Amino acid sequence: MTHQNTIYEATVPVALYVAAVLGHPAVSAGDFGHDAGMPPNHPLLVRLLDWLGSTAHDADDECVAVGERHCGAGFLQEYRAIRAFRDLRPALFSAVRPLLGHDDPDVRHAALVAAIPLSEHPDLVSHRGELVDHARRSRATSTDRHNRNRVLDALKAWGYDTDNLESAADIAAREQQARRMAERAYRAGSGTGSHCEDPPF
């Protein structure tokens, strides 16, 4: 369905199916099985939202901009699967939106992470204020660093002040990342022969 940030023709009907079953009682109540002695995995609902959010992130405006830089202005026109997924964003958003108020904080945050890239569709821009409000409320309950960064990055890109949303851990992680990037740039320019990026393995 998806692999290494790639969206395929099969991704679109699967995304529609996932959106259609998000409100089904069996999905809300279910979870993936787990081995004896191991903690249970996230509920099925969270897993489905995580997949939908990750896929929406792989089709967001930034990914399209990168594709156009590398492949030319016709990237989106030629990449039918990603275009079809992007066209579905209003329908997918309408399925995710009710879960922003779910009783389970993990579900609420997974829904927020999925809703943010979906809301880049021109017909959904008016919902961004609502998502910022949800981001403020989820600040105290979300501990997933990767997803927190996605939310904060999106809000910054929309022009919202995120200072009151960032925890001390968020700021420390951002500063550490900036130091690492500066060190890589220094090594690359110092003639030491060191790589500016980690090898891809």
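What follows is calculated from the coordinates using simple rules that are stated; it is not laboratory data. Just so it is clear, the structure is predicted and the values come from calculations on it, not from any experiment. Note that each Cβ is placed from the backbone with ideal geometry, even for glycine, and that neighbours are counted across all protein chains shown.
Summary of values
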| read-out | value |
| --- | --- |
| Surrounding net charge for Arg69, when Lys and Arg each add one and Asp and Glu each subtract one, Cβ distance under 14 Å | -3 |
| FRET efficiency for Arg137 and Asp61, using Cβ-Cβ distance with R0 set to 22 Å, rounded to 0.05 | 0.30 |
| Cα-projected label distance for Tyr17 with Trp158, points at 7 Å along beta-carbon direction, nm | 3.1 |
| Label-reachable residues, segment 48-72, where backbone N falls under 14 Å from a point 7 Å from Ala81's Cα toward its Cβ | 55-56, 58-59 |
